[in-house]
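The values are calculated or read from the model by the stated rules, or taken from the named source; none is laboratory data. Source: prediction; values computed, not measured. Counting neighbours? That spans all protein chains shown, and the Cβs are built from the backbone with ideal geometry, glycine included. Protein only, heavy atoms only, side chains kept; ligands, DNA and RNA dropped before computing areas. Shrake-Rupley method; radii C 1.70, N 1.55, O 1.52, S 1.80 Å.
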Amino acid sequence: MPLPTFAKDEVKVIFVLGGPGVGKGTQCANLVRDYDFVHLSAGDLLRAEQAREGSEFGELISTYIREGRIVPQEITIALLRNAMQEEVKKGHTKFLIDGFPRKMDQAIKFEEDVAVSEFTLYFDCSEEIMLQRLLKRGETSGRADDNIESIKKRFKTFVDTSMPVIDYYRKQDKVITVPCEKTMEEVYNLLKEKISDRMSI
Ligand code: C5P
Ligand code: MG
(Lines give C-alpha, C1' and ligand atoms only; values in the text may rest on other atoms or scores of the structure.)
(Ligands and ions follow the chains in the order given, each with its own letter.)
Protein backbone atom coordinates (compact mmCIF):
# COMPACT_ATOMS: atom_id res chain seq x y z
CA MET A 1 0.00 0.00 0.00
CA PRO A 2 1.40 3.47 -0.84
CA LEU A 3 2.54 5.54 2.14
CA PRO A 4 0.52 8.55 3.32
CA THR A 5 1.58 11.99 2.01
CA PHE A 6 2.93 12.99 5.43
CA ALA A 7 4.92 10.70 7.71
CA LYS A 8 4.10 10.46 11.41
CA ASP A 9 6.98 12.71 12.53
CA GLU A 10 6.42 15.26 9.76
CA VAL A 11 3.04 16.67 10.87
CA LYS A 12 0.76 16.59 13.92
CA VAL A 13 -2.92 16.34 13.03
CA ILE A 14 -5.73 16.97 15.47
CA PHE A 15 -9.27 16.42 14.26
CA VAL A 16 -11.92 18.77 15.65
CA LEU A 17 -15.45 17.40 15.71
CA GLY A 18 -18.77 18.38 17.25
CA GLY A 19 -22.23 19.28 16.05
CA PRO A 20 -22.92 22.32 13.89
CA GLY A 21 -22.77 25.58 15.82
CA VAL A 22 -20.90 24.07 18.75
CA GLY A 23 -18.04 26.61 18.43
CA LYS A 24 -15.33 24.60 16.67
CA GLY A 25 -14.22 27.51 14.51
CA THR A 26 -14.18 29.95 17.43
CA GLN A 27 -12.10 27.68 19.66
CA CYS A 28 -9.69 26.82 16.85
CA ALA A 29 -9.18 30.54 16.24
CA ASN A 30 -8.33 30.94 19.95
CA LEU A 31 -5.73 28.18 19.71
CA VAL A 32 -4.20 29.70 16.57
CA ARG A 33 -3.97 33.08 18.35
CA ASP A 34 -2.13 31.61 21.34
CA TYR A 35 -0.16 28.66 19.95
CA ASP A 36 1.61 27.36 16.93
CA PHE A 37 -1.35 25.72 15.15
CA VAL A 38 -2.68 26.00 11.62
CA HIS A 39 -6.47 25.89 11.45
CA LEU A 40 -8.01 24.22 8.41
CA SER A 41 -11.79 24.05 8.31
CA ALA A 42 -13.15 21.46 5.89
CA GLY A 43 -16.39 23.45 5.58
CA ASP A 44 -14.49 26.68 4.80
CA LEU A 45 -12.35 24.90 2.19
CA LEU A 46 -15.50 23.48 0.58
CA ARG A 47 -17.19 26.91 0.54
CA ALA A 48 -14.08 28.45 -1.03
CA GLU A 49 -13.98 25.73 -3.68
CA GLN A 50 -17.69 26.21 -4.33
CA ALA A 51 -17.10 29.93 -4.90
CA ARG A 52 -13.96 29.46 -7.03
CA GLU A 53 -14.53 30.44 -10.62
CA GLY A 54 -14.16 27.45 -12.92
CA SER A 55 -14.53 24.83 -10.19
CA GLU A 56 -16.03 21.65 -11.59
CA PHE A 57 -17.46 20.85 -8.14
CA GLY A 58 -19.15 24.17 -7.34
CA GLU A 59 -22.70 23.11 -7.99
CA LEU A 60 -22.34 19.72 -6.33
CA ILE A 61 -20.82 21.25 -3.18
CA SER A 62 -23.53 23.86 -2.97
CA THR A 63 -26.27 21.22 -3.15
CA TYR A 64 -24.64 19.02 -0.52
CA ILE A 65 -24.11 21.93 1.88
CA ARG A 66 -27.68 23.17 1.60
CA GLU A 67 -28.96 19.65 2.25
CA GLY A 68 -26.56 19.18 5.18
CA ARG A 69 -25.10 16.12 3.47
CA ILE A 70 -21.48 15.02 3.44
CA VAL A 71 -19.65 15.92 0.24
CA PRO A 72 -17.90 12.90 -1.40
CA GLN A 73 -14.64 12.34 0.48
CA GLU A 74 -12.34 12.58 -2.57
CA ILE A 75 -13.15 16.27 -2.95
CA THR A 76 -12.70 17.24 0.69
CA ILE A 77 -9.55 15.17 1.16
CA ALA A 78 -7.93 16.67 -1.96
CA LEU A 79 -8.68 20.19 -0.66
CA LEU A 80 -7.24 19.35 2.75
CA ARG A 81 -4.13 17.69 1.33
CA ASN A 82 -3.40 20.70 -0.90
CA ALA A 83 -3.90 23.13 1.96
CA MET A 84 -1.63 21.08 4.22
CA GLN A 85 1.09 20.88 1.58
CA GLU A 86 1.05 24.67 1.22
CA GLU A 87 1.41 25.09 4.99
CA VAL A 88 4.18 22.51 5.29
CA LYS A 89 6.12 24.40 2.60
CA LYS A 90 5.93 27.42 4.92
CA GLY A 91 7.30 25.33 7.78
CA HIS A 92 4.02 24.73 9.63
CA THR A 93 3.46 21.27 11.06
CA LYS A 94 0.66 21.37 13.67
CA PHE A 95 -2.83 21.16 12.21
CA LEU A 96 -6.28 21.57 13.66
CA ILE A 97 -8.55 19.98 11.07
CA ASP A 98 -11.98 21.33 11.89
CA GLY A 99 -15.22 19.63 10.84
CA PHE A 100 -13.42 16.55 9.62
CA PRO A 101 -13.74 13.56 9.38
CA ARG A 102 -17.52 13.81 9.31
CA LYS A 103 -18.02 10.31 7.93
CA MET A 104 -16.21 6.96 8.38
CA ASP A 105 -14.92 6.83 4.81
CA GLN A 106 -13.24 10.22 5.27
CA ALA A 107 -11.51 9.01 8.45
CA ILE A 108 -10.18 5.83 6.88
CA LYS A 109 -9.11 7.37 3.59
CA PHE A 110 -7.45 10.43 5.15
CA GLU A 111 -5.40 8.33 7.57
CA GLU A 112 -4.38 5.94 4.78
CA ASP A 113 -3.52 8.58 2.19
CA VAL A 114 -2.68 11.83 3.98
CA ALA A 115 -1.67 11.52 7.64
CA VAL A 116 -2.51 9.63 10.83
CA SER A 117 -4.20 11.76 13.51
CA GLU A 118 -2.84 12.31 17.02
CA PHE A 119 -6.30 12.52 18.56
CA THR A 120 -9.78 13.99 18.07
CA LEU A 121 -11.25 16.87 20.04
CA TYR A 122 -14.96 16.27 20.47
CA PHE A 123 -16.96 19.35 21.39
CA ASP A 124 -20.05 18.10 23.15
CA CYS A 125 -23.21 20.22 23.39
CA SER A 126 -27.00 19.89 23.44
CA GLU A 127 -28.93 20.53 20.23
CA GLU A 128 -30.94 23.27 21.95
CA ILE A 129 -27.83 25.34 22.58
CA MET A 130 -26.33 24.62 19.15
CA LEU A 131 -29.62 25.68 17.55
CA GLN A 132 -29.58 28.98 19.46
CA ARG A 133 -25.97 29.63 18.40
CA LEU A 134 -26.69 28.77 14.75
CA LEU A 135 -29.77 30.96 14.51
CA LYS A 136 -27.81 33.83 16.04
CA ARG A 137 -24.93 33.23 13.62
CA GLY A 138 -27.42 33.03 10.75
CA GLU A 139 -28.38 36.67 11.31
CA THR A 140 -24.97 37.71 9.93
CA SER A 141 -23.15 34.66 8.49
CA GLY A 142 -24.73 34.74 5.06
CA ARG A 143 -24.38 30.94 5.05
CA ALA A 144 -26.87 29.06 2.90
CA ASP A 145 -27.24 26.42 5.63
CA ASP A 146 -27.81 28.56 8.75
CA ASN A 147 -31.59 28.31 8.40
CA ILE A 148 -33.93 26.05 10.34
CA GLU A 149 -34.55 23.61 7.46
CA SER A 150 -30.85 23.01 6.80
CA ILE A 151 -30.00 23.01 10.50
CA LYS A 152 -32.39 20.12 11.19
CA LYS A 153 -30.79 18.12 8.39
CA ARG A 154 -27.29 18.91 9.68
CA PHE A 155 -28.22 17.71 13.17
CA LYS A 156 -29.50 14.45 11.73
CA THR A 157 -26.37 13.96 9.60
CA PHE A 158 -24.24 14.61 12.67
CA VAL A 159 -25.98 11.94 14.74
CA ASP A 160 -26.28 9.34 11.97
CA THR A 161 -23.00 9.85 10.12
CA SER A 162 -20.48 11.75 12.26
CA MET A 163 -21.06 10.25 15.72
CA PRO A 164 -19.87 6.83 14.46
CA VAL A 165 -16.50 8.47 13.68
CA ILE A 166 -16.24 9.71 17.26
CA ASP A 167 -17.16 6.24 18.55
CA TYR A 168 -14.51 4.70 16.27
CA TYR A 169 -11.76 6.91 17.71
CA ARG A 170 -13.12 6.52 21.23
CA LYS A 171 -12.51 2.78 20.94
CA GLN A 172 -8.88 3.62 20.08
CA ASP A 173 -8.65 5.91 23.12
CA LYS A 174 -8.08 8.88 20.84
CA VAL A 175 -10.94 11.21 21.82
CA ILE A 176 -10.72 14.23 24.12
CA THR A 177 -14.24 15.35 25.01
CA VAL A 178 -14.78 19.02 25.80
CA PRO A 179 -18.20 20.03 27.19
CA CYS A 180 -19.24 23.18 25.34
CA GLU A 181 -22.32 24.60 26.99
CA LYS A 182 -20.53 27.22 29.10
CA THR A 183 -19.18 30.54 27.87
CA MET A 184 -16.55 30.72 25.15
CA GLU A 185 -13.88 31.70 27.74
CA GLU A 186 -14.70 28.84 30.12
CA VAL A 187 -14.73 26.31 27.29
CA TYR A 188 -11.40 27.63 26.03
CA ASN A 189 -9.73 27.32 29.46
CA LEU A 190 -10.89 23.73 29.77
CA LEU A 191 -9.81 22.99 26.19
CA LYS A 192 -6.27 24.27 26.81
CA GLU A 193 -6.01 22.17 29.97
CA LYS A 194 -7.20 19.05 28.20
CA ILE A 195 -4.88 19.49 25.21
CA SER A 196 -1.83 20.13 27.35
CA ASP A 197 -2.52 16.94 29.30
CA ARG A 198 -2.10 15.12 26.00
CA MET A 199 0.61 17.02 24.11
CA SER A 200 3.02 19.89 24.70
CA ILE A 201 1.56 23.06 23.23
O1 C5P B 1 -18.22 22.46 9.28
P2 C5P B 1 -19.25 23.28 8.55
O3 C5P B 1 -20.49 23.51 9.37
O4 C5P B 1 -18.69 24.54 8.00
O5 C5P B 1 -19.69 22.40 7.30
C6 C5P B 1 -20.71 22.87 6.43
C7 C5P B 1 -21.11 21.77 5.48
O8 C5P B 1 -20.01 21.40 4.64
C9 C5P B 1 -21.58 20.47 6.11
O10 C5P B 1 -22.91 20.54 6.57
C11 C5P B 1 -21.41 19.52 4.92
O12 C5P B 1 -22.43 19.70 3.96
C13 C5P B 1 -20.11 20.02 4.31
N14 C5P B 1 -18.95 19.27 4.87
C15 C5P B 1 -18.68 18.00 4.37
N16 C5P B 1 -17.62 17.27 4.87
C17 C5P B 1 -16.86 17.78 5.87
C18 C5P B 1 -17.11 19.07 6.37
C19 C5P B 1 -18.19 19.80 5.86
O20 C5P B 1 -19.38 17.52 3.49
N21 C5P B 1 -15.86 17.06 6.36
MG1 MG C 1 -17.08 25.93 11.28
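Remarks
- Test: SER55 is more than 29 Å from MET1 (Cβ to Cβ), away from ligand 2 (no atom under 16 Å from the Cβ), among the hydroxyl-bearing types (Ser, Thr, Tyr) and at pLDDT 95 or above: yes
- The conditions of being among the β-branched types (Val, Ile, Thr) and either within 16 Å of ligand 2 (Cβ to nearest atom) or open to solvent by less than 40 Å² (accessible area, probe 1.4 Å) (or both) are met by ILE97.
- Unique match (being in contact (Cβ under 8 Å) with a residue 60 or more places away in the chain, on the phi < 0 side of the Ramachandran plot and either open to solvent by less than 70 Å² (accessible area, probe 1.4 Å) or of a type in the set (Gly, Ala, Ser) (or both)) among VAL38, VAL22: VAL22
- Unmet requirement for LYS194, which otherwise passes all of (1) in a helix (DSSP H, G or I); (2) open to solvent by 80 Å² or more (accessible area, probe 1.4 Å): (2)
- Screening the candidates ILE151, ILE108 for the property of being among the hydrophobic types (A, V, I, L, M, F, W, C) and touching a residue at least 12 places away in the same chain (Cβ under 8 Å) yields one hit, ILE151.
- Residue match in region 155-166 (condition: of a type outside the set (Gly, Ala, Ser), under 24 Å from ARG33 (Cβ atoms) and modelled with pLDDT of 95 or more): no
- From ARG66, ARG33, ARG52, residue being open to solvent by 30 Å² or more (accessible area, probe 1.4 Å), touching a residue at least 60 places away in the same chain (Cβ under 8 Å) and of a type outside the set (Asp, Glu): ARG66
- Some residue of region 143-164 being part of a strand (DSSP E or B) and open to solvent by 30 Å² or more (accessible area, probe 1.4 Å): no
- Subset of region 108-142 (residues that are within 20 Å of LEU46 (Cα to Cα), in contact with a helix residue (DSSP H, G or I) (Cβ under 6 Å, 6 or more places away or on another chain) and not in a helix (DSSP H, G or I)): VAL114
- Annotation: of all residues in region 63-94 being small (Gly, Ala, Ser) and either closer than 23 Å to ASP34 by Cα or in contact with a strand residue (DSSP E or B) (Cβ under 9 Å, 6 or more places away or on another chain) (or both), the one that is nearest to ligand 2 (Cβ to nearest atom) is ALA83.
- Matching residues in region 173-201 - criterion: being of a type in the set (Lys, Arg) and either in contact (Cβ under 8 Å) with a residue 12 or more places away in the chain or under 17 Å from PHE37 (Cα atoms) (or both): LYS174, LYS192, LYS194, ARG198
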